[in-house]
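Derivation of every value follows stated rules applied to the coordinates shown; laboratory data play no part. Since this is a predicted model, take the numbers as computed values, not measurements. When we count neighbours, we look across all protein chains shown, and the Cβ atoms used for this are built from the backbone with ideal geometry, even at glycine.
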Amino acid sequence: MKPMLNIIGVLLLFTACNKGKNNPESCNGESTRRDIKLVIDDAAMEVDTIPIVTTVDSIGSIELPEADKNTERLEIEKRTFTVTGLVHKVSKHRDGDYKIKFISDNEKYLNCEAPNTGCAYADSSRFYEQFKAVRAFIEQYEDELEGETLTITGVAFIDIDHKYPRNAAENEIELHPILNISF
């Protein structure tokens, strides 16, 4: 029976690896509200691009409903926000998205993500050219961003509660996608 378990283990590992950083097919699986994250859903044209200027603490304290994989775009997700904050961490996810994590003086967090432009769905977003410009900025300065102060404008997105601690906003709000980024 052990050889069969080893084969299953190898298959599971191979499947997990297939979602790797360089796999454009992974693209935020449908169970993560991919169409909302890429602004390709039916309500995408309703996104207001005039940003609300706020802080990490303020945006993270907005009272919001919980979202699940079937939640349509919510009213808050039709808004863009501009936040200036201290970069705590920069990382690249298995799906190819870049995450910039802000931290406030009060140790509150805000995750901001730049979509994988190689994703088969990303190029149908009205913000595709902005996705490319944001990623070019991140790739140019990736090794220098932690500890720096950045200004990010992005579309509000309520992430699915992952049910484990992950240094995210208490209300699960993110800026995803990032539309503009600068020092």
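Here is a list: Glu146, Glu174. Which entry is in contact (Cβ under 8 Å) with a residue 24 or more places away in the chain, acidic (Asp, Glu) and within 22 Å of Asp35 (Cα to Cα)? Step by step, each of Glu146, Glu174 is checked, and only Glu174 is in contact (Cβ under 8 Å) with a residue 24 or more places away in the chain, acidic (Asp, Glu) and within 22 Å of Asp35 (Cα to Cα). Each residue in region 100-121 was checked for being assigned to a loop (DSSP other than H, G, I, E, B) and free of Cβ contacts under 8 Å to residues at least 60 places away in the same chain, and 5 pass.
Where residues in region 63-86 are in contact with a helix residue (DSSP H, G or I) (Cβ under 7 Å, 6 or more places away or on another chain) and aliphatic (A, V, I, L, M), which of them is farthest from Gly154 (Cα to Cα)? Ranking the candidates gives Leu64 first. Please determine whether any residue of region 145-153 is of a type in the set (Gly, Ala, Ser) and surrounded by 14 or more Cβ atoms within 10 Å (Cβ to Cβ). No, because not a single residue in region 145-153 is of a type in the set (Gly, Ala, Ser) and surrounded by 14 or more Cβ atoms within 10 Å (Cβ to Cβ). The listed residues are Phe131, Phe157, Phe137, and the only one of them that is in contact with a Lys or Arg (Cβ under 7 Å, 6 or more places away or on another chain) and surrounded by 14 or more Cβ atoms within 10 Å (Cβ to Cβ) turns out to be Phe157.
When region 58-98 is examined, which residues are found to be of a type in the set (D, E, K, R) and surrounded by fewer than 18 Cβ atoms within 10 Å (Cβ to Cβ)? The answer is Glu63, Glu66, Asp68, Lys69, Glu72, Glu75, Lys78, Arg79, Lys89, Lys92, Arg94.
Taking every residue in region 122-142 that is closer than 10 Å to Leu179 by Cβ and pairing it with any residue that is small (Gly, Ala, Ser) and assigned to a helix (DSSP H, G or I), at least 6 positions away or on another chain, the pairs with Cβ-Cβ distances below 8 Å are Phe131/Ala122.
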